[in-house]
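The values are calculated or read from the model by the stated rules, or taken from the named source; none is laboratory data. Computed from a prediction, not measured in an experiment: that's the story for all the values here. Here the Cβ positions follow ideal geometry from the backbone for every residue, glycine too, while neighbour counts run over all protein chains shown. Ligands, DNA and RNA are stripped out before the accessible areas are found, and what is left, the full protein with its side chains, is counted by its heavy atoms. Shrake-Rupley method; radii C 1.70, N 1.55, O 1.52, S 1.80 Å.
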Amino acid sequence: MKLKQRVVLLAILLVIFIFTKVFLIDNLDTSAANREDQRSFHRMMASLHVELDPRLDHTLQSPWEIAAQWVVPREVYPEETPELGAVMHAMSTKKIIKADVGYKGTQLKALLILEGGQKVVFKPKRILGFRRAPLVVGRFVNLRTEIKPVATEQLLGTFMTVGNSTCFYGKCYYCRETEPACADGDIMEGSVTLWLPDVWPLQKHRHPWGRTYREGKLARWEYDESYCDAVKKTSPYDSGPRLLDIIDTAIFDYLIGNADRHHYESFQDDEGASMLILLDNAKSFGNPALDERSILAPLYQCCIIRVSTWNRLNYLKNGVLKSALKTAMSHDPISPVLSDPHLDALDQRLLSILATVKQCTDQFGPDVVLVEDRMTLSHL
């Protein structure tokens, strides 16, 4: 069954990366400093209650102008902002003034223009997330009254009626007239992703741990355990934050079960300094009982991880990740977003990640494995 991956992904990224204060974890430490860390943790947990507030009390700007100003090289929205709920509310409610086929890719999507001129991508029953990913919110859309009257001829030509339901198949690599996406009557449940501002053009890169997608042919990383040493000598992974971003992403992909990270995007002309932007997470949340360990290859082959990422992961164990995700998703228009078996799988996969890091620290020592964000790979 196709799940609402894009909203789930945003929720996961909000949960994991909202813990941005860097503190080392010691569950046996009862010092005053550790108690303050615990208080900070609970304050950040409280911030997960992001309601879709329609008000913009702090500014006279439109929600789209506000969101455009958030984007910087290392994040696409800030850690804390009073306007976040209002922007997400606008994404889920603003009138659709134009609808067209989605941009190129393998999955069905539609490009919508909302009132005020903001581009968004609508995907039927799918999801996304991170302060390294555009904002996503669930939305119910009436295909007959909201989409068809404003659809381009190209998109309108893919509409059909199947039984009592309105359907469309769009334009994409795998889109087929014989496999349309159908609404429940006229109402389709999906996700809306905020389009990044045009002033931030993207550059596409091949993922160094990508698969070959050819039967019988393995990628080098699949048989060469020293592969990371070669990656570290190649730009942009020989300096700056990009390799650590790759490892963060591997951890994220393992949690969601995404083994299809063959390419990734960054901002153009950044010389490796901008973040790895997570835009393509469609192959996620398939079988909750299947853990694809090879997704973690960047982590267990390089045996390095950001201290801040390590600390966040430790705070999310013992059921905290599952609880925090339920909280983060509870106010979404299409809640509940993720089934209990997938939430349980996330908690179990988190334990596997922590065990993998422990194997690295046992072999090389924490001073080698746990890397400060500001450290460049030339020091490793």
remark   = Between the modelled labels at ILE187 and GLU153 (7 Å from Cα along Cα→Cβ) the distance in nm is 3.4
note = Among LYS204/LYS322; LYS94/LYS326; LYS119/LYS217; LYS119/LYS322, the pairs whose Cα-Cα distance exceeds 28 Å are LYS204/LYS322; LYS119/LYS217; LYS119/LYS322
ask   = Using 0.36 nm per residue, how much length does the chain from ARG74 to LEU290 gain when fully extended, once their Cα-Cα distance is taken away?
value = 74.5 nm
Solvent exposure of the stretch 229-326 as accessible area per residue, Å², 1.4 Å probe = 32
ask   = Separation of the stretch 148-181 and the stretch 300-354 by C-alpha centroid, Å?
value = 36
inquiry  = How large is the Rg to Rh ratio of the stretch 258-328 when both quantities use alpha carbon positions and Rh follows Kirkwood?
reply    = 0.99
ask   = Which listed residue (MET275, CYS228, LEU321) has the Cα farthest towards the positive end of the charge dipole for the stretch 219-321, taking +1 on Lys and Arg C-beta and -1 on Asp and Glu C-beta about the Cα centre?
value = LEU321
Note, ³J(HN,Hα) from phi for the stretch 113-122, Karplus 6.51, -1.76, 1.60, rounded to Hz, x at Gly and Pro = 10, 8, 3, x, x, 7, 7, 9, 10, 9
request  = Which order do the peptides 227-236, 68-77 take when ranked by the mean count of other beta-carbon atoms within 10 Å per residue, highest first?
outcome  = 68-77, 227-236
ask   = Computed over the Cα atoms of the stretch 83-222, what is the convex hull's projected area averaged over all directions, in nm²?
value = 10.8
note = Ordering 216-224, 273-281 by per-residue average of other C-beta atoms within 10 angstrom, highest first, gives 273-281, 216-224
request  = Report in % the part of the accessible area of the stretch 267-337 that belongs to carbon and sulfur, leaving out ligands and nucleic acids; probe 1.4 Å.
outcome  = 47
